[in-house]
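Each value in this text was obtained by applying a stated rule to the coordinates, not by laboratory testing. Only a predicted model underlies this, so the values are computations on that prediction, with no experimental measurement involved. Methodologically, a virtual Cβ is constructed for each residue, glycine included, from the backbone with ideal geometry; neighbour enumeration extends over all protein chains shown.
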Amino acid sequence: MPPLDIPTYGLVSLGGVTVGLSLFAWDFSRWFAGHPKKRFSLKALRKLLPFLGCMAYGSLLILSAGGLIGAAADWSLWGTNQVGEIVLVYGVGGTAPNVTRSTHLALTPGGHAVVIITTVVVIAVSGIRGMRWDFARGILAGISLGLASSIAGAVGFLVAPSVSWLGDQVAGIL
């Protein structure tokens, strides 16, 4: 059991992945429609970076070992699983099987330090102009997709080792 005896479950269903991909599709399609001529210019791509950064941060949150931040991420994952399952089962008559990656990635102590530092940065940046719903959607999408075994889970699979390595290098743990 993680610290504070807060249980973590770390399971994602097809419903959770559906919600995560829907949140990603929402922001990506709005960005895509907002840049009809020069979609792949640096100026246009720069507007997509905060959402992608929040997605990467969300996937790190769900890979946290536990504690209060890990519990909040786990609760958010449970919520997206439930909403997605309701939509899949009652909306289209489908099912929501478990699609969790078979091998869990774990952040190193340095990676956990980076999660805390990034949390401080996200709170500071989002506190400047009030609630940033694009940040909330990105973080929730990352939480929903971070444990998926499909290509949707690539964010967590690519970001976690990089952040763990960076945190360990900065903290001098290696």
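Would you mind calculating the relative contact order of the chain from Cα pairs under 8 angstrom and at least 6 residues apart, reporting the percent as a whole number? Intermediate results must be reported in sequence, preceding the final value.
Details: 275 pairs, mean separation 65.4, N = 174.
After rounding, I find 38 percent.
Sorting check: for 163-172, 137-146, which peptide has the highest mean count of neighbouring beta carbons within 10 Å, and how do the rest follow?
Working: 163-172: 16.1, 137-146: 28.0.
Final packing ranking: 137-146, 163-172.
So what J values fall out for the range 84-97 if you push phi through Karplus, 6.51 cos²θ - 1.76 cosθ + 1.60 with θ = phi - 60°, rounded to Hz, Gly and Pro as x?
After applying 6.51 cos²θ - 1.76 cosθ + 1.60, I find x, 5, 4, 5, 5, 6, 8, x, 10, x, x, 10, 10, x Hz.
Normalising by the residue count of the range 58-140, find the relative contact order in percent from Cα pairs under 8 Å and 6+ residues apart. All intermediate terms of the calculation are to be shown ahead of the outcome.
Values: 37 pairs, mean separation 30.8, N = 83.
With pairs under 8 Å counted, the relative contact order is 37 percent.
Divide, for the range 63-107, the radius of gyration over alpha carbons by 2.2 N^0.38 Å, where N is the residue count.
With N residues counted in the range 63-107, Rg over 2.2 N^0.38 Å equals 1.40.
May I have the extent of the alpha carbons of the range 17-163 along their three principal axes, as whole Å values ordered from largest to smallest?
So the extents along the principal axes, rounded to whole Å, are 43, 41, 28.
Positive end of the dipole of the range 38-142, charges at C-beta (+1 Lys, Arg; -1 Asp, Glu), about the Cα centre: which of VAL125, VAL89, GLY110 has its Cα farthest in that direction?
VAL125
³J(HN,Hα) across the range 40-47 via Karplus (A = 6.51, B = -1.76, C = 1.60, θ = phi - 60°), whole Hz, x for Gly/Pro?
After applying 6.51 cos²θ - 1.76 cosθ + 1.60, I find 10, 7, 4, 5, 6, 5, 4, 6 Hz.
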